[in-house]
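Report on the following structure.
Just so you know, all these numbers are worked out from the coordinates, no wet-lab data involved. As the structure is a computational prediction, the values presented were derived from the model and not from experiment. Don't worry about glycine lacking a Cβ; one is built from the backbone with ideal geometry, like all the others, and counts go over all protein chains shown.
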Amino acid sequence: MPKAAITPTRMELTKLKGRYKTARRGHKLLKDKRDELMRQFMEIVRKNKALRTRVEQGLTEAFAAQTVASAVMSPELLEQALLYQRQTVELKLTMKNIMSVNVPQYKFSTKTEEPGEIYPYGFAQTSGELDTTMERMSRVFEDMLELAQVEKMMQLMAEEIEKTRRRVNALEYVMIPEMQESIKFISMKLEENDLSTKVRLMKVKDMVLKKAHNFK
């Protein structure tokens, strides 16, 4: 705040000290929030890395089995086997609040719990490699959903960390130093005014005494 715009009064000093105290408290809370967000963010990063590795491995195995199935089955038979799906999946989205960040929570459920429902075909004219493909894709699906959830969580938390970091820096390097300077400026002005008032009172006192005792 420019010093020219500050009114050096005791009321203004009291108001500034209150704002300064609030700013210091807010700065501490924001720093604590930033540190906790960073801690949780690093945990999510490690979880994301493990999930991505598992998903990539599962997809690699599934695609390898599909390649073999495509080699031993005709394209027409393969297409016909996968044309009609027997199992359906329902996806539910809820939100969870983590340190003031609303992150998505995905949950899926299948129409039935019967393991055989993942195969939309009969086993007479299909290869075992196609069965392996379906099994591995079914297993990796849940990991893929969790990976999507974790990556979205990482994105939202990274944005919140950056926003909190900017607020902490604004308080630490701009607002709080400006308040300190303003408080110092007003305090010095008030001291100067008090000193000037004392000097004037002493002069008035001397004048009164001189007049009362006829001092020259």
Review point. Of all residues in the range 46-60, how many are touching a residue at least 40 places away in the same chain (Cβ under 8 Å) and either among the small types (Gly, Ala, Ser) or within 15 Å of Glu162 (Cβ to Cβ) (or both)?
Key: 1
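Here is a yes/no grid of residues against (1) β-branched (Val, Ile, Thr); (2) more than 20 Å from Arg25 (Cα to Cα):
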residue: Arg166; (1), (2): no, no
residue: Lys189; (1), (2): no, yes
residue: Thr197; (1), (2): yes, yes
residue: Arg200; (1), (2): no, yes
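Any chance you could count how many residues in the range 9-34 are assigned to a helix (DSSP H, G or I) and touching a residue at least 24 places away in the same chain (Cβ under 8 Å)? Explain how you work it out, then say what you get.
To start, the set of residues in the range 9-34 that are assigned to a helix (DSSP H, G or I) comprises 10-34.
Checking the rest, the ones that are also touching a residue at least 24 places away in the same chain (Cβ under 8 Å) come to 10, 12-13, 16-17, 19-20, 23-24, 26-27, 30-31, 33-34.
So the count comes out to 15.
Given the criterion under 30 Å from Met144 (Cβ atoms) and either surrounded by 15 or more Cβ atoms within 10 Å (Cβ to Cβ) or in contact with a strand residue (DSSP E or B) (Cβ under 7 Å, 6 or more places away or on another chain) (or both), identify the matching residue among Gln40, Gln57.
Details: Gln57 fails: either surrounded by 15 or more Cβ atoms within 10 Å (Cβ to Cβ) or in contact with a strand residue (DSSP E or B) (Cβ under 7 Å, 6 or more places away or on another chain) (or both).
On inspection, the qualifying residue turns out to be Gln40.
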